Amino acid sequence: VCIHRIRSCSSIRFIKSKYVCVFDKSALKFSHQQRLFRTSAVSCGQIVQFKLSDIGEGITEVTVKEWYIKEGDSVSQFDSICEVQSDKASVTITSRYDGIIRKLHYNLDEIAYVGKPLVDIEIDASKGVAPEEDVVETPPMSHEEHTHQEIKGHKTLATPAVRRLAMENNIKLSEVVGTGKDNRILKEDILNYLAKQTGAILPPSPKAEIIPPLPKSETVPAAPKDKARKIPVPVSRPIVFSGKDKTEPITGFHKAMVKTMSAALKIPHFGYCDEIDLTQLVQLREELKPLAQTRGVNLSFMPFFIKAASLGLLQYPILNASLDESCQNVTYKASHNIGVAMDTEQGLIVPNVKNVQVCSVFEIASELNRLQSLGSAGQLGTNDLTGGTFTLSNIGTIGGTYAKPVILPPEVAIGALGKIQVLPRFNRKGEVFKAQIMNVSWSADHRIIDGATMARFSNLWKSYLENPASMLLDLK
Amino acid sequence: MVLQSSLKNCFQLSCILRTPKAGFRSTTSGSLIIQSISNDVYQNLAVEDWIHDHMNLENRQVLFLWRNSPAVVIGRHQNPWQECNLRLMRQKNIKLARRRSGGGTVYHDLGNINLTFFTTRKKYERMENLKLVVKALKALRPQLDVQVTDRYDILLDRQYKISGTAAKLGRTTAYHHCTLLCNTDKFVLSSVLKSPYKGLKSNATPSVPASVKNLFEEDPSLTWKMLLDAIAEEYATQHQIDHHITLINPADETALPGINNKTKELQSWEWVYGKTPKFSVSACFHMAHKDSVLDVKVDMDVKHGRIEVCNIDLPEQWLPPALCSELVKSLTGSKFCPNETTTLATTLLRVCPQDHELHRRCNLLCENMMMLM
């Protein structure tokens, strides 16, 4: 008779959830046959056609706009199934059952009808079945504290396994922390709660209930082989971590970085570092900052670093060059298009200031402001991002002292600037004074640049910055 | 004084919201009128989410009042490229937000007030809510010719739309929200809600354009504050509660636990752009290069906001085929976004032969492609 019931169910349309309870009761009577039936077929629950329920306001049809599940997915009661739209109202349809999705009745953008089937769900038979011992299926209204928990302000019946454990162990569900969807209490949560109370991991109870593994659960309490009695000896709880690795494809900014850096690998880098005393420059900037402000420009240290670099490149043009792919020719670039590494929300971008060799410090500052505001709005154009010949990276604004910057092809050199620190130093008279010290780390392409050239360029750049007045002599 | 009272109100609210059981039995369980102290569209949308997910509305209803600094808000299933001028918005720093309710695209600024009516799913009734608003407006200014249409719009003088509606229904709760144009910048509104993007083919919900008018234009003595108060007053009367507006701070994690996560999700690219239904772009542009004009055809399929398929048809040998195919390969899988396109193109240029002419051509192609995004 039980088997007959199952067969006939698949052809009858049911939407009332209490059907599941009815099935429970009948299963109790025919539990023997139930078990036999279960072991002979792997997942043979019956298919229930879940119909689209009333939307309200007399609406009869809606458009399916997004599916949250696909055929073969497991769903729990109250999981979102799809999003439908009707006349400016977007409705989230949630599942009434636990089970597996077997059929979607509509494609995206199709019209769905209220009262007609939306999806077919295979209800897992074993989930609805109580263990074969004579456990009286308690009517939902009594022992509420052991059978119901509050989800989103509604008293919701917990799953049979949870109810049984709670009743057996006299646990109030309101005291248990739920880790399922919407803080639903799962069987693991009751077991964890019990373990905390007794300091032991309790085995599943002796009643042979076949619970299929929940697809999302990672924690399985250790089950000793002897199920007949509870183990009283305190066992150290295994550390459970339910985080999952997440793999995603590399696209966009990350992809660009992978490409650039892989190309940079081909360049044999060498490094050269030094420290710069910026005490005088700090003072000079303090004086000039308000003047620049009146002209509507924010003056940082970068314009000085950039201009000094350009002056240095006039003396050492090989640092502003480019080596061709076959390493046969080196091209000395006429323009000093100095790139400034910028950290934006999306990642690293390097716009450049064009023709620094003919720009004043103020013009560089103004251009930097423009690039910075475009950069943070994600609006930089290709022109600003291409054509760079030399790059400076002011990592010091975030932190750090020395670094090992990577050259951006097709350039041959790059400088990383650390943060400005106040440190004690000795002056010419042998006295200790407060100095504003910044570290610089250069990297250069050793195929065409040698250490001596890099060192001399760095010394020249350093001298301009340590004694800003000397820049006046060579400014063009 | 004002601050203290609002803090006290926030505290009261948190008591009611965090322990629904207590709220149930307490004597202060009646409908609520709340107003956001924030003008951030994402924070305010997050409050709607929060109330929808966490509040027990069995025995009470909630009216939520909010205003936003300039933003364009698209409906759940819409395509931003089809609905608004993203380029202009980026320049003017106007935010783009996607709400969870359906319906069309609207422009918000501080001259527009938003009203959200929260009820249980069973008590979801949009007409009633809009009639309440009209009643409030007429009580304030009896000579106003305002009426509700069967499309759930509110029309002024039978021709100008002053309010649009959208709704969201969940399993147990529902909300209906609408706008009300008090004193919005109509010039920005019309320029920003006009999409310049051609060649789009999509099944996304389209917006229905309408002529709009501000209530301020009809009666310059009206301010948004007066309108807000009038509506709150009418709501209080109909729900038999005190005309008392509780202020809430959408950044307060203690009063609204979990709200900051909701705000972050609403701000994420994946939600705002990634939820765009699948669409295709087919464009043909004429590039002026030196003395000639070239025809370029670009076809792209965009899914979840990312370029799924990309085809660029260039005049033969205008760009080295290797570079062209590398560009197409890079673009495939990346966001349909001018910033990403630029970054990928400029990266390619770093690793290819350094030829001025080549760079110029590539830049030109990129600039044109960015115009599509």
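Laboratory data are not the source of any read-out in this text; all were calculated from the coordinates shown. Predicted model, so just to flag it, every value in this text is computed and none were measured. Methodologically, a virtual Cβ is constructed for each residue, glycine included, from the backbone with ideal geometry; neighbour enumeration extends over all protein chains shown.
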Taking the alpha-carbon centroid of each part, what is the distance from the range A:336-415 to the range B:332-360 in angstrom?
17 Å
Sort out for me the Cα centre separation of the range B:97-114 from the range A:281-327, rounded to whole Å.
46 Å
Please list, in order, the residues from the range A:337-368 whose amide nitrogen is less than 18 Å from a point placed 7 Å along the Cα→Cβ vector of B:Arg90.
A:342-352
With the cut-off at 29 Å, tell me which of the pairs B:Lys95/B:Lys262; A:Lys88/A:Lys187; A:Lys88/B:Lys264; A:Lys88/B:Lys122 have Cα atoms farther apart than that.
A:Lys88/A:Lys187
Hey, what angle do you get for helix B:321-331 against the long axis of chain B, alpha-carbon based, 0 to 90 degrees rounded to 10?
10 degrees
With labels modelled as points extended 7 Å from the Cα through the Cβ direction, what inter-label distance (nm, one decimal) is found for A:Tyr332 paired with B:Arg158?
8.3 nm
With +1 on each Lys and Arg Cβ and -1 on each Asp and Glu Cβ, and nothing else charged, work out how big the dipole of the range B:279-371 is about its Cα centre, in Debye to the nearest 20.
280 debye
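Past 31 Å, Cα to Cα, is the threshold; run A:Lys246/B:Lys194; A:Lys246/B:Lys92; B:Lys123/B:Lys335; A:Lys103/A:Lys181 against it and keep the listed order. Before the final figure, lay out the partial values.
Working: A:Lys246/B:Lys194 39 Å; A:Lys246/B:Lys92 36 Å; B:Lys123/B:Lys335 41 Å; A:Lys103/A:Lys181 23 Å.
In this structure, A:Lys246/B:Lys194; A:Lys246/B:Lys92; B:Lys123/B:Lys335 exceed 31 Å between Cα atoms.
Could I get the Rg over Rh figure for the range A:223-373? Both from C-alpha atoms, Rh via Kirkwood, rounded to two places. Could you put the intermediate results ahead of the total?
Working: Rg = 27.1 Å, Rh = 20.9 Å.
Taking Rh as the inverse mean 1/r over Cα pairs, Rg/Rh reads 1.30.
Size of the dipole of the range A:46-123 about the Cα centre, Lys and Arg at +1 and Asp and Glu at -1 on the beta carbon, nothing else charged, in debye to 20?
Working: 8 positive and 14 negative charges, 27 e Å.
For this selection, approximately 140 debye.
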Would you mind checking the pairs B:Lys135/B:Lys186; A:Lys462/B:Lys329; A:Lys266/A:Lys462 and listing those with alpha carbons more than 32 angstrom apart?
A:Lys462/B:Lys329
Just how large is the dipole of chain B about the Cα centre, in debye to the nearest 20, putting +1 at every Lys and Arg Cβ and -1 at every Asp and Glu Cβ?
780 debye
Per the Cα gyration tensor, the range A:325-476 corresponds to an equivalent ellipsoid with semi-axes, largest first in Å, of 27, 21, 17
From phi via Karplus (6.51, -1.76, 1.60), per-residue ³J(HN,Hα) for the range A:249-266 in Hz, x at Gly/Pro:
x, 8, 9, x, 4, 5, 5, 4, 5, 4, 5, 4, 5, 5, 5, 5, 4, 6
Qualifying aspartates and glutamates (Cα of each under 17 Å from Cα of A:Lys429; at least 8 residues distant if same chain)
A:Asp277
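Please go through the range B:253-341 and write out the GluC sites (Glu not before Pro) that DSSP classes as loop and that have at most 10 other C-beta atoms within 10 Å. Mind showing how you got there, number by number?
Values: sites: B:Glu253, B:Glu265, B:Glu270, B:Glu308, B:Glu316, B:Glu326, B:Glu340; in loops: B:Glu253, B:Glu316.
Passing both the DSSP loop test and the Cβ count: B:Glu316.
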Starting from the Cα gyration tensor of the range A:46-123, take the square roots of the eigenvalues, sort them a ≥ b ≥ c, and report rounded, prolate or oblate (rounded when a/c is under 1.5, otherwise prolate if a/b is larger than b/c, else oblate).
prolate
Out of residues 5 or more away from A:Ala435 or on other chains, whose amide H comes under 5 Å of its own, with H placed 1.01 Å from N in the peptide plane?
A:Leu423, A:Arg425
Let me understand the range B:173-235 better: what is its radius of gyration from the alpha carbons, and its Dmax, in angstrom?
16.2, 48
Convex hull over the alpha-carbon atoms of chain B: what's its volume per residue in Å³?
163 Å³
Quick one: order A:Ile395, B:Ile34 by neighbouring beta-carbon count within 10 Å, fewest to most.
A:Ile395, B:Ile34
